[in-house]
Structures are given as C-alpha cells and as structure tokens.
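> Before anything else, here's the structure in question.
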Amino acid sequence: MDRRKIITSAFSNLCTDQRIEKVCKTLHDNGYQIELIGNDWNGAEKMSRPYPFTRIHLISKSLKTAYFEFNWKLYRELKKKADHSTILHANDLDALLPNYLIAKKLNIPLVFDSHEIFSEMPAIQGKMSQKLWRYVEKKIIPDIKCMITASSGYADWFRNKYAIDPVVIQNSPKKLDFNQQIPENNPKIILYQGAINPFRGIDKAILAMKHLDNVIFKIAGDGPLKKEYENLVLKENLQHKVEFLGKLLPEDLRKVTLTADCGMSIEENAGESYYYSLPNKVLDCIQARVPVILSNLPELQRIKRQFDIGEIIKDHHPENIAQSIRVVLDKGRKAYQAELENAADIFCWENEEVKLLRVFEKASSSRGFKPKA
C-alpha cells in the first residue's frame with residue numbers, strides 16, 4: 001500500500017533534535033513520504049537525511065520576532081507543499097498555528113507532537129508572550145484529533161486541561177546492545193548533557209564539585225547561561241573539576257555518554273513544563289547503562305520506583321547533590337548494571353515507534369479534527 005505524504009515542521013535547526021530525527025526516520029522506513037521543515041535560527045549546520053528537508057531562513061534578531069516570522073513563512077511553505085493526500089505533523093506549539101490553518105483549509109489530518117508544555121515554559125512565564133501562547137493553545141488543541149506527547153505527566157496535564165487524550169511517545173533512544181567494558185576512570189566522570197538553560201540545576205551541580213574529590217564534571221551542550229556558568233567556575237576556582245564540551249552532534253554525544261560514571265538530571269520545579277518532564281538525558285543514560293542522579297519530580301520518581309537506576313537528590317543544595325553523587329560513585333557503575341539493563345529493555349525507541357506508527361495509521365484514515373457538537 002502506498003503511504004501518504006507527511007510534512008513535519010518545527011521551530012528548530014533540525015541538526016540536534018533527536019526526537020524529530022527518530023520520528024521522521026521511523027515514518028520514512030515504513031513507507032511514508034517525508035518532508036521536513038525547520039529554520040536556521042540557531043545556525044544551519046550541515047546534515048544528511050534520507051528524505052528532503054528545508055530550513056526557512058530567518059532574518060529576525062530576537063526570538064520573539066523570530067517566532068512570528070517563522071510562523072508566517074511556514075504557512076506559505078505549507079500552502080505551497082500540502083495537498084489533499086498530505087498529513088501535517090506539527091512539533092510543539094510554536095509551529096502549530098500554520099499547520100492548523102492549512103489542515104483546516106484543505107480538510108486534511110494534523111498530528112500535533114507536544115515535546116513539552118510550551119505555554120508553561122520558564123522562559124515565558126509572566127510575560128505577554130505567555131498569554132499569547134496560552135490563547136493559541138486554548139483555541140486549537142481542543143479541536144485536534146491526533147496528538148502525541150513526551151511523558152505521561154504531560155498527557156495527564158493536556159487531558160485535564162483540554163479533554164484531549166494524547167498518546168505518550170517517550171523520547172527514548174534506540175536500543176543499545178551493551179557489551180562494552182565499563183571504563184575505570186580516574187578521575188571519575190560526572191556528565192550533564194543538554195541545553196544550558198535556567199532551572200536545570202547546573203549551577204548547583206558546579207558548586208557541588210567543591211564537596212567532591214577526584215571527579216570531573218563534563219557539561220555537554222550550549223545555551224544562554226553558558227557564559228555565566230563558565231564565570232562561576234572561574235570564580236570558584238573549579239577549572240580543574242569542570243569542563244565545558246560545547247554542543248555535540250547526537251552521535252558524538254552518545255560516545256561521551258558511554259564513558260561517564262554518573263549522569264545527571266536535576267531539573268528544578270520551575271513550572272508545569274519542567275515539573276512533568278521526562279528529560280531525554282535520563283533515557284540516554286539508561287541506554288548507555290550509566291546510573292543517574294535525579295531530582296525529585298514525578299516522572300523521575302516513577303522511573304526510580306520501577307528500576308533502581310541511580311539516586312534521587314534530597315534537594316538542590318550543593319552539599320546534598322554531592323552526597324547523592326558520592327553514593328553512586330561509591331557503589332560504582334557496575335552495581336547498577338542489572339537494573340539499567342532491565343530499564344533499557346523498556347525505555348527504547350523500538351517500543352515507542354510501534355505507538356507512533358499506530359497514530360499515523362489512524363491519521364491516514366481520518367480527517368484531522370473533532371466533529372462540532
């Protein structure tokens with residue numbers, strides 16, 4: 001059977017977005033005709049995909065105006081490229097409006113993938129832009145028939161708020177058949193991977209290094225607070241214990257993760273989007289069979305209850321973060337291997353893509369919107 005065309009779009013430069021890459025590859029491998037649209041807001045690094053992709057050029061100097069520019073230009077792109085055999089696939093609220101308008105205009109299916117609760121992100125809390133995104137969310141989401149999201153906490157939030165029932169598709173990596181020798185690192189390697197944004201606990205983790213010996217804290221990623229945290233390292237004279245690796249390609253990041261003694265996901269409760277999140281870094285560490293320091297948030301508690309894959313911090317005081325790290329390092333990475341192995345069988349993309357294909361099969365045979373009451 002010939003599969004339908006899918007146009008996937010996101011406010012992203014696409015290069016390091018692992019969720020979009022996995023979703024598109026699964027759909028492409030299963031016979032769908034994929035076209036991917038992003039933008040060059042954070043650069044346009046060279047990349048190769050087995051399906052066509054474009055990155056809309058943005059001239060805006062601020063993120064606020066970039067959102068407006070992208071949505072207008074995305075609408076024009078979708079208007080040119082979509083037809084009655086197309087399924088539209090919008091990633092996050094900042095790409096939803098033009099997809100919704102074109103889907104309505106052509107009466108074609110729309111799949112909405114909410115990677116987070118965009119309207120409750122810390123960066124927009126209390127700002128006029130939050131009111132705008134909440135308005136878009138309130139007007140569009142109740143009308144959507146096919147929605148997926150990245151955690152069960154997110155799904156419950158959308159269900160309670162908008163009476164919609166999203167399918168949970170976690171951002172798990174592909175299953176890794178782990179047969180590698182666990183390194184005997186000296187000093188021990190503690191790894192943070194991801195965006196260097198507020199409320200990720202990175203500054204507290206840096207200060208925790210003052211309470212640990214024979215360790216190096218590697219920070220893989222980039223973001224608006226990188227310079228501030230580099231200055232914090234200098235101020236606290238921790239240059240010998242903290243290393244910034246910069247933003248890495250996914251394949252390079254996976255190699256770094258495999259070398260770590262302890263991963264870290266200590267997001268703070270900075271609003272509902274963070275509170276209900278299941279960070280990619282946790283699932284990446286599970287597949288790399290690396291134990292993780294976790295914050296005391298619902299999705300992380302849930303995983304810890306299922307599998308003993310690391311330690312939950314008491315709070316975000318640097319001494320208590322250091323204490324949890326010390327527990328993991330004293331036990332050693334090998335002590336967690338059996339539980340990590342069991343978790344890796346559950347939290348893998350091979351399990352998630354089965355649900356993804358069901359969503360798009362449903363979209364293929366339906367219209368995109370709920371009938372009016």
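> Does Tyr100 meet the test of being of a type in the set (Phe, Trp, Tyr), out of contact with any Cys (no Cβ under 6 Å at 6 or more places or on another chain), more than 30 Å from Ile303 (Cβ to Cβ) and modelled with pLDDT of 95 or more? Break it down into steps so the answer makes sense when it comes.
On the way: of a type in the set (Phe, Trp, Tyr): yes; out of contact with any Cys (no Cβ under 6 Å at 6 or more places or on another chain): yes; more than 30 Å from Ile303 (Cβ to Cβ): yes; modelled with pLDDT of 95 or more: yes.
For Tyr100, the condition - of a type in the set (Phe, Trp, Tyr), out of contact with any Cys (no Cβ under 6 Å at 6 or more places or on another chain), more than 30 Å from Ile303 (Cβ to Cβ) and modelled with pLDDT of 95 or more - is met.
Residue-by-condition table, conditions (1) in contact with a Phe, Trp or Tyr (Cβ under 8 Å, 6 or more places away or on another chain); (2) under 19 Å from Pro250 (Cα atoms):
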site: Leu36; (1), (2): yes, yes
site: Asn39; (1), (2): yes, yes
site: Lys46; (1), (2): no, yes
site: Pro52; (1), (2): no, no
site: Leu58; (1), (2): yes, no
site: Leu63; (1), (2): yes, no
site: Ala66; (1), (2): yes, no
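> Here is a follow-up. Of the residues in segment 148-163, how many are within 17 Å of Arg358 (Cβ to Cβ), of a type in the set (A, V, I, L, M) and touching a helix residue (DSSP H, G or I) at 6+ places or on another chain (Cβ under 7 Å)?
1
> Same structure again: Just the residues that are among the polar types (S, T, N, Q), modelled with pLDDT of 95 or more and out of contact with any Leu (no Cβ under 8 Å at 6 or more places or on another chain), please, taken from segment 153-184.
Hit for segment 153-184 is Asn160, nothing else.
> Residues in segment 359-369: is at least one in contact (Cβ under 8 Å) with a residue 24 or more places away in the chain, among the basic types (Lys, Arg), part of a loop (DSSP other than H, G, I, E, B) and over 17 Å from Ser172 (Cα atoms)?
First pass over segment 359-369, keeping only residues in contact (Cβ under 8 Å) with a residue 24 or more places away in the chain: 359-360, 362-364, 366-369.
Right, trim to among the basic types (Lys, Arg) and you get 362, 367.
Remaining after also requiring part of a loop (DSSP other than H, G, I, E, B): 367.
When the remaining residues are screened for being over 17 Å from Ser172 (Cα atoms), the result is 367.
Yes, segment 359-369 contains at least one residue that is in contact (Cβ under 8 Å) with a residue 24 or more places away in the chain, among the basic types (Lys, Arg), part of a loop (DSSP other than H, G, I, E, B) and over 17 Å from Ser172 (Cα atoms).
> Same structure again: If you check Lys81 against the conditions, is it in contact (Cβ under 8 Å) with a residue 24 or more places away in the chain, more than 25 Å from Ala150 (Cβ to Cβ) and in the same structural domain as Ser114 (by TED's automatic domain parsing)?
Values: in contact (Cβ under 8 Å) with a residue 24 or more places away in the chain: yes; more than 25 Å from Ala150 (Cβ to Cβ): yes; in the same structural domain as Ser114 (by TED's automatic domain parsing): yes.
So Lys81 fits the description; yes.
> Looking at (1) under 18 Å from Gln18 (Cβ atoms); (2) surrounded by fewer than 18 Cβ atoms within 10 Å (Cβ to Cβ); (3) of a type in the set (Ser, Thr, Tyr), which is the one condition that is false for Thr259?
(1)
> May I pose another question? Of everything in segment 140-175 that's surrounded by fewer than 16 Cβ atoms within 10 Å (Cβ to Cβ) and of a type in the set (Asp, Glu), which residue is nearest to Asn99 (Cα to Cα)?
First, pick out the residues of segment 140-175 that are surrounded by fewer than 16 Cβ atoms within 10 Å (Cβ to Cβ): 142, 156, 159-161, 163, 165, 174-175.
Imposing the further condition that a residue be of a type in the set (Asp, Glu) reduces the set to 156, 165.
Numbers: Asp156: 24, Asp165: 20 Å.
Restricting to residues being surrounded by fewer than 16 Cβ atoms within 10 Å (Cβ to Cβ) and of a type in the set (Asp, Glu), the top hit is Asp165.
> Do you know which of the residues in segment 329-342 that are hydrophobic (A, V, I, L, M, F, W, C) and either in contact with a Lys or Arg (Cβ under 9 Å, 6 or more places away or on another chain) or not assigned by TED's automatic domain parsing to the domain that holds Ala288 (or both) is surrounded by the fewest Cβ atoms within 10 Å (Cβ to Cβ)?
Quick first cut of segment 329-342, residues hydrophobic (A, V, I, L, M, F, W, C) only: 329, 335, 338, 340.
Retained after the next criterion (residues that are either in contact with a Lys or Arg (Cβ under 9 Å, 6 or more places away or on another chain) or not assigned by TED's automatic domain parsing to the domain that holds Ala288 (or both)): 329, 340.
Numbers: Leu329: 19, Leu340: 23.
Residue satisfying both the conditions and the ranking: Leu329.
> Which of the numbered conditions does Thr257 fail, given that it passes all the others? Conditions: (1) hydroxyl-bearing (Ser, Thr, Tyr); (2) under 21 Å from Ile169 (Cα atoms); (3) modelled with pLDDT of 95 or more.
(2)
> If a residue counts only when it is under 30 Å from Cys262 (Cα atoms), which strands (runs of 3 or more DSSP E) contained entirely in segment 111-221 have at least 3 such residues? Before the answer, list the steps.
On the way: elements: 146-149, 188-193, 215-220.
Output list reads 188-193, 215-220.
> Being polar (S, T, N, Q), assigned by TED's automatic domain parsing to the domain that holds Ile325 and either more than 28 Å from Asp330 (Cα to Cα) or free of Cβ contacts under 8 Å to residues at least 12 places away in the same chain (or both) is the requirement here; does Asn231 meet it? Break it down into steps so the answer makes sense when it comes.
Details: polar (S, T, N, Q): yes; assigned by TED's automatic domain parsing to the domain that holds Ile325: yes; either more than 28 Å from Asp330 (Cα to Cα) or free of Cβ contacts under 8 Å to residues at least 12 places away in the same chain (or both): yes.
Against the criterion (polar (S, T, N, Q), assigned by TED's automatic domain parsing to the domain that holds Ile325 and either more than 28 Å from Asp330 (Cα to Cα) or free of Cβ contacts under 8 Å to residues at least 12 places away in the same chain (or both)), Asn231 qualifies.
> Let me ask you something else. Among Ile321, Ile346, which is under 30 Å from Gly31 (Cα atoms), among the aliphatic types (A, V, I, L, M) and in contact (Cβ under 8 Å) with a residue 40 or more places away in the chain? Spell out how you get there, then give the answer.
Numbers: Ile321 fails: under 30 Å from Gly31 (Cα atoms).
Every option except Ile346 fails the conditions.
> A follow-up question, please. Just to confirm my filter: which helices (runs of 4 or more DSSP H) fall fully inside segment 232-314 and include at least 1 residues that are farther than 20 Å from Tyr154 by Cβ?
Numbers: elements: 250-258, 272-275, 280-287, 298-306.
Because the criterion is at least 1 residues that are farther than 20 Å from Tyr154 by Cβ, the helices (runs of 4 or more DSSP H) in segment 232-314 that meet it are 250-258, 280-287.
> While we're on this one: Evaluate the following for Met128: is it over 20 Å from Tyr274 (Cβ atoms) and modelled with pLDDT of 95 or more? Please lay out each step first, then the result.
Numbers: over 20 Å from Tyr274 (Cβ atoms): yes; modelled with pLDDT of 95 or more: no.
So Met128 does not fit the description; no.
> Please enumerate the residues belonging to segment 234-252 that are touching a helix residue (DSSP H, G or I) at 6+ places or on another chain (Cβ under 8 Å) and in contact (Cβ under 8 Å) with a residue 12 or more places away in the chain.
Initially, segment 234-252 is screened for residues touching a helix residue (DSSP H, G or I) at 6+ places or on another chain (Cβ under 8 Å), giving 236, 238-239, 241-242, 244-245, 248, 250.
Within segment 234-252, Glu236, Leu238, Lys241, Val242, Phe244, Leu245, Leu248, Pro250 meet the criteria.
The values are calculated or read from the model by the stated rules, or taken from the named source; none is laboratory data. As the structure is a computational prediction, the values presented were derived from the model and not from experiment. A quick note on method: Cβ atoms are made from the backbone with ideal geometry, for glycine too, and the neighbour counts reach across all protein chains shown.
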